[in-house]
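Take a look at the structure set out below.
Readers should treat all values here as calculations from the given coordinates under stated rules, not as data from a laboratory. It should be emphasised that the depicted structure is a prediction, and the values quoted were computed from it without experimental measurement. A quick note on method: Cβ atoms are made from the backbone with ideal geometry, for glycine too, and the neighbour counts reach across all protein chains shown.
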Amino acid sequence: MKGIIGKKIGMTQTFSEKGDVQPVTLVEAGPCVITQIKTETNDGYNAVQIGFETLKRANKPISGHLQRTGNYKYLREIRVETLDELQVGQLLNVEMFDVGERIRVTANSKGRGFAGGMKRHGFHGGPKTHGQSDRWRAPGSIGAGSTPGRVFKGKRMAGHFGDEAITTRGLEVVFVDLEKNLLAIKGAVPGASNGLVLIAGEGYFPIIQSTPTNEVEEVVEEVTPTNEVEEVVEEVTPTNEVEEVVEEVTPTNEVEEER
């Protein structure tokens with residue numbers, strides 16, 4: 001399995017090859033970086049932890065855990081079958097998905113606060129006649145009498161509604177924009193705009209780039225100027241010889257003074 005983290009932008013519409021209008025959801029997916037690799041020998045299962053959105057400030061536990069890749073705001077774990085050629089620091093982007101591919105999207109639904117039974121569970125409400133003018137949206141009876149003498153667990157009642165993890169399967173990728181890191185997904189995606197989403201599909205992670213190598217190159221570039229300084233020092237050292245020559249020449253003045 002492969003996957004990437006992104007943010008939901010919103011919905012729009014596109015036209016198919018036949019000219020039909022199709023609603024799509026735009027998602028800014030990635031780029032993400034592999035921050036940890038879990039193996040079956042060490043952790044009991046194979047998985048990849050990926051990071052999304054760089055974090056300027058982090059506490060010591062997070063900065064210590066992500067010292068090889070840098071700090072990231074969001075971390076998610078995706079289980080994989082094999083770990084061939086996967087490395088910490090590898091870059092992931094929308095290139096792993098193809099047009100027409102079927103994917104699944106996981107996100108938290110919109111939070112609606114404390115909601116009643118009609119909104120939360122779809123209850124039809126009470127009768128609007130026979131003196132029930134103030135009981136239209138009431139839940140009604142919640143149990144029997146003295147037997148069993150209690151309310152069964154799991155009874156559908158009013159309460160907190162929304163803000164739950166929802167996975168929508170079988171969504172189709174309409175187009176992929178690698179330059180802007182955009183995915184257009186046919187249909188609706190759970191969650192509000194600017195909400196975090198996890199996009200997963202069948203297949204394997206592609207080998208794109210390894211970020212730690214860039215860090216090594218930068219270090220080499222930073223070290224190279226020191227060689228120039230050493231060369232300058234070597235060029236400057238001959239000036240001491242000139243001073244020595246001056247010192248050798250100075251005794252001639254003493255001879256002139258004796259004359």
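Let me check I've understood the local charge: for GLY143, count other residues with C-beta under 13 angstrom from its C-beta, Lys and Arg +1, Asp and Glu -1. What total comes out? Don't skip to the answer; put the middle values down first.
Working: positive: ARG150, LYS153, LYS155, ARG156; negative: none.
So the surrounding residues net to +4.
Going by the alpha-carbon gyration tensor, a ≥ b ≥ c the square roots of its eigenvalues, is region 113-161 rounded (a/c under 1.5) or, if a/c is not under 1.5, prolate (a/b greater than b/c) versus oblate? Numbers along the way, then the final one.
Numbers: a/c = 2.93, a/b = 1.15, b/c = 2.55.
Oblate shape, in that a/c is at least 1.5 and b/c is the bigger or equal ratio.
Would you kindly derive the ³J(HN,Hα) couplings of region 155-165 from the backbone phi angles with the Karplus curve 6.51 cos²θ - 1.76 cosθ + 1.60 (θ = phi - 60°), listing them in order in whole Hz, with x for Gly and Pro?
Karplus values, whole Hz, x for Gly and Pro: 4, 6, 9, 5, x, 5, 10, x, 6, 10, 5.
When a/c is below 1.5 the answer is rounded, else prolate if a/b is larger than b/c, else oblate, so apply that to region 83-213 with a ≥ b ≥ c taken from the square roots of the Cα gyration tensor eigenvalues.
On the way: a/c = 3.87, a/b = 2.72, b/c = 1.43.
Prolate shape, in that a/c is at least 1.5 and a/b is the bigger ratio.
Which ³J(HN,Hα) values in Hz, rounded to whole numbers, follow from the phi angles of region 186-203 under the Karplus curve 6.51 cos²θ - 1.76 cosθ + 1.60, where θ = phi - 60° and Gly and Pro get x?
Per-residue couplings from phi come out as 5, x, 9, 10, x, x, 8, 5, 6, x, 7, 10, 10, 9, 10, x, 7, x Hz.
So what's the net charge close to ARG112: Lys and Arg +1, Asp and Glu -1, counting the other residues with Cβ under 10 Å from its Cβ? Don't skip to the end; give the middle numbers.
Values: positive: LYS110, LYS119, ARG120; negative: ASP163.
Taking every other residue near ARG112 into account, the sum is +2.
Starting from the amide H of ILE9, placed 1.01 Å from N in the peptide plane, find each other amide H under 5 Å away whose residue is 5 or more places distant or on another chain.
Residues meeting the criterion, in which the H sits 1.01 Å from N, are LEU26, VAL27, GLU28, ASN194.
So which of LYS8/LYS73; LYS110/LYS155; LYS7/LYS186 end up more than 21 Å apart by C-alpha?
Values: LYS8/LYS73 16 Å; LYS110/LYS155 23 Å; LYS7/LYS186 16 Å.
Distance filter (> 21 Å) returns LYS110/LYS155.
Where in region 1-37 does the amide nitrogen come within less than 15 Å of the point 7 Å from the Cα of GLU95, taken along Cα to Cβ?
Answer for region 1-37: 30-34.
What does the net charge come to around THR25 if you take all other residues with beta carbon closer than 9 Å to its beta carbon, with K and R at +1 and D and E at -1?
Details: positive: LYS8, LYS186; negative: none.
So the environment of THR25 carries a net charge of +2.
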